[in-house]
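What follows is a short report on a single structure.
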Amino acid sequence: MGIEALLRLHSGLPRQGPGSDASTREALRRLPKLGESPSIVYLGCGPGRQTLVLAREFGVPVLAVDVLAPFLEELERAAEAAGLSEMVRAHCGSMDHLAVAHESLDLVWSEGALYNVGVDQQLRYLLPLMKSGGVVAFSELSWLSADPIEELRVYWELYPGMRTTAANVAAYEGIGYRVVDQFVLPESDWWTEYYNPLLARIERLRAEAERDAALAEVLTETEREIDVYRRFSRDYGYVFYLCRKD
Ligand code: SAH
């Protein structure tokens with residue numbers, strides 16, 4: 001799939017995955033207490049909505065990592081507009097190549113992004129980098145029903161890593177974390193700031209897509225994804241997991 005077409009569809013949208021400031025705050029409310037001046041990294045920040053919530057909440061600079069420079073530029077502009085430039089350090093690079101010392105991180109946050117390198121693999125990579133008592137807080141696509149119908153199971157072969165919440169908890173604990181809390185993001189988190197703006201963008205790009213096959217393909221796939229969610233939102237969702245290194 002063309003990265004240019006994907007960026008045309010996605011750049012400038014409020015967020016690049018399901019979520020809301022309210023859910024970010026809900027996860028913060030459930031977070032075990034961290035020490036003074038915690039060291040915080042955001043992985044796969046995209047346009048950075050949540051990075052700004054964290055910077056405001058903790059009042060310390062947050063290292064925000066993403067592989068796509070255009071998203072980091074959006075984050076820097078948003079931070080400046082919010083008067084939070086000093087609180088954001090944008091770094092263009094991959095989340096599995098962090099230049100940070102062992103046992104140095106108090107909090108790693110990542111909404112809808114760890115799957116890019118694989119959640120289990122990334123949790124394994126992070127374990128030695130976390131301080132004892134440090135938390136990895138992230139959201140991940142999860143089955144909510146144990147027995148989804150065939151059509152849905154076949155659709156999500158797109159993401160073979162998808163497991164039930166219980167299987168995810170068991171896997172994360174097997175890697176060496178304690179899952180101290182978890183909650184399902186509300187359906188409104190999929191629509192208000194993610195799928196609705198995306199649908200509006202699709203309409204705007206429709207005419208252009210007639211002359212651009214890569215763009216047309218991305219639009220069709222995205223509409224299909226949204227249609228599947230509309231019909232089956234009770235069977236899968238985003239779950240926020242709070243994983244602590246004891
Ligand atoms: N957390 C943001 C973005 C989610 S989309 C939000 O909720 O709005 C996933 C993000 O992960 C994208 O911005 C993508 O560029 C980024 N990404 C993909 N692979 C990555 C990698 N290996 N390292 C860091 N970021 C990555």
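The values are calculated or read from the model by the stated rules, or taken from the named source; none is laboratory data. What you are looking at is a predicted structure, and each value in this text was computed from that prediction instead of being measured. No Cβ is skipped: glycine too gets one built from the backbone with ideal geometry, and neighbour counts run over all protein chains shown. We work out accessible area using only protein heavy atoms, side chains counted, and drop any ligands, DNA or RNA first. Shrake-Rupley method; radii C 1.70, N 1.55, O 1.52, S 1.80 Å.
Points to keep in mind about this one:
- Where the Cα pairs of the chain fall when distances are cut into 5 Å bins, in %: 1, 6, 13, 17, 19, 18, 13, 8, 4, 1, 0, 0
- Here the sum of -39500 (n - 2.57) over DSSP H runs of 4 or more residues, divided by the residues of the chain, equals -12500 deg cm²/dmol at 222 nm, to the nearest 500.
- Placing unit charges on each Cβ (+1 for Lys and Arg, -1 for Asp and Glu) gives segment 1-149 a dipole about its Cα centre, and among G46, A90, V135 the Cα reaching farthest toward its positive end belongs to V135.
- L144 long-range amide H proximity, modeled H, under 5 Å: Y236, G237
- Segment 63-77 and segment 100-114 have Cα centres separated by 16 Å.
- Computed from point charges on the beta carbon alone (+1 for Lys and Arg, -1 for Asp and Glu), the dipole magnitude for segment 141-221 about its Cα centre is near 200 Debye.
- Computed over protein heavy atoms with a 1.4 angstrom probe, the accessible surface ordering of M95, M87, largest first, is M87, M95.
- Taking all protein chains together and a 1.4 Å probe, the residues W109, W156 rank W156, W109 from largest to smallest accessible area.
- Evaluated with a Cβ-only charge set (Lys, Arg +1; Asp, Glu -1), the chain carries a dipole of roughly 560 debye about its Cα centre, given to the nearest 20.
- Using C-alpha pairs under 8 Å with a sequence gap of at least 6, the mean separation divided by the residue count of the chain gives a relative contact order of 26 percent.
- Whole-Å distance, taken between Cα centres, linking segment 116-132 and segment 156-212: 20
- Packing-based order for 127-137, 33-43, using average beta carbon neighbours within 10 Å, highest first: 127-137, 33-43
- Selection from P70, V119, S145 lying farthest towards where the dipole of segment 69-160 points positive, charges on Cβ: V119
- A 1.4 Å probe over all protein chains sorts F183, F240 by accessible area into F183, F240, starting with the largest.
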